[in-house]
Amino acid sequence: MPNNIIKDGAVVVDNWQLVSADATDIPEGKVIVPVALWSENKDSLSNREDFGIWLNSDESPELIKDELDQFKVIAINFPAFADGRGFSYGRSLRDVYRYHGEIRAIGGFMRDQLFFLKRCGFNAFALENSDLENALDSFKDFTDSYQASIDQPEPLFKRR
């Protein structure tokens, strides 16, 4: 995971540690744990204020819907740039479940997808192998969008 991420339109230091899916222990500090590890350690994690959860593309937000208020960060792992399920998960977390915390994209997404991820409710991006300062320009790829979204709830025809 990179040392810096894009969050809320700026490059910031990432203070969170992503715990791998095969980990057996959960370290101290700010951690983002896989949903399976969270399920096994719910009791011990419920006392912590410094943890988030990450979902793979085959793990729907439905799995955590009743405990969303526990998570400071929900990371969605994109196994490949062509797997679009994470876009739907971001949208569901904001629209259906009304999650207001950080939704972070991790894994195999591309800079070209930043604009669309933001429209789906993501506000943090752990973009690897990219100049983050230059990647900020991706949020300006388009000046207007026709459809309603998280970042613009009214469609274009209502804004005119």
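Rounded to 0.05, the FRET efficiency of the residue 46 and residue 95 pair, given R0 = 22 Å and the Cβ-Cβ distance, is 0.25. Remark: the stretch 13-160 carries a charge dipole of roughly 760 debye about the Cα centre, counting +1 on each Lys and Arg Cβ and -1 on each Asp and Glu Cβ. Here residue 140 is the anchor, and the lysines within straight C-alpha reach of less than 26 Å, apart from those fewer than 8 places off in the same chain, are 7, 118, 158. Amide H contacts for residue 149 (H built 1.01 Å from N in the peptide plane; partners 5 or more residues away or on another chain; cut-off under 5 Å): 154. Between residue 160 and residue 139, the FRET efficiency from the beta-carbon distance, with R0 = 35 Å, is close to 0.95.
Subtracting the Cα-Cα distance of residue 130 and residue 15 from 0.36 nm times their residue separation leaves 39.5 nm of extension gain. Placing dummy labels 7 Å off each Cα toward the beta-carbon, the span from residue 65 to residue 30 is 2.9 nm. The listed peptides 5-17, 128-140, 66-78, ordered by packing as a protection proxy, come out as 66-78, 5-17, 128-140 (highest mean of other Cβ atoms within 10 Å first). Sorting 85-96, 42-53 by average packing, meaning the other beta carbons within 10 Å per residue, from highest down gives 85-96, 42-53.
Along the axis of the charge dipole computed for the chain (Cβ charges of +1 for Lys and Arg, -1 for Asp and Glu, origin at the Cα centre), the listed residues 155, 88, 139 are led at the positive end by 155.
Averaging sequence separations of C-alpha pairs under 8 Å and six or more residues apart, then dividing by the length of the stretch 65-160, give the relative contact order as a whole percent.
Relative CO of the stretch 65-160 lands at 25 percent.
The fraction of Cα-Cα pairs per 5 angstrom bin, counted from 0 for the stretch 52-160, comes to 2, 12, 23, 23, 19, 12, 6, 2, 0 percent, rounded to whole percents.
To check you understand DSSP bridge types, tell me what percent of the beta bridges within the stretch 4-159 (both residues inside) are antiparallel, rounded to 5.
The antiparallel proportion sits near 25 percent.
Helix 85-95 versus the longest principal axis of the chain: what angle, 0 to 90°, nearest 10, using Cα atoms? Here the helix axis deviates by roughly 90 degrees.
Taking amide H positions as modeled 1.01 Å from N, with prolines and chain starts lacking one, the residues under 5 Å from residue 55 and 5 or more places away or on another chain are 75, 76, 77.
Readers should treat all values here as calculations from the given coordinates under stated rules, not as data from a laboratory. Quick caveat: nothing in here was measured; it's all calculated off a predicted structure. Because the Cβ atoms are built from the backbone with ideal geometry, glycine has one as well, and the counts that use them run over all protein chains shown.
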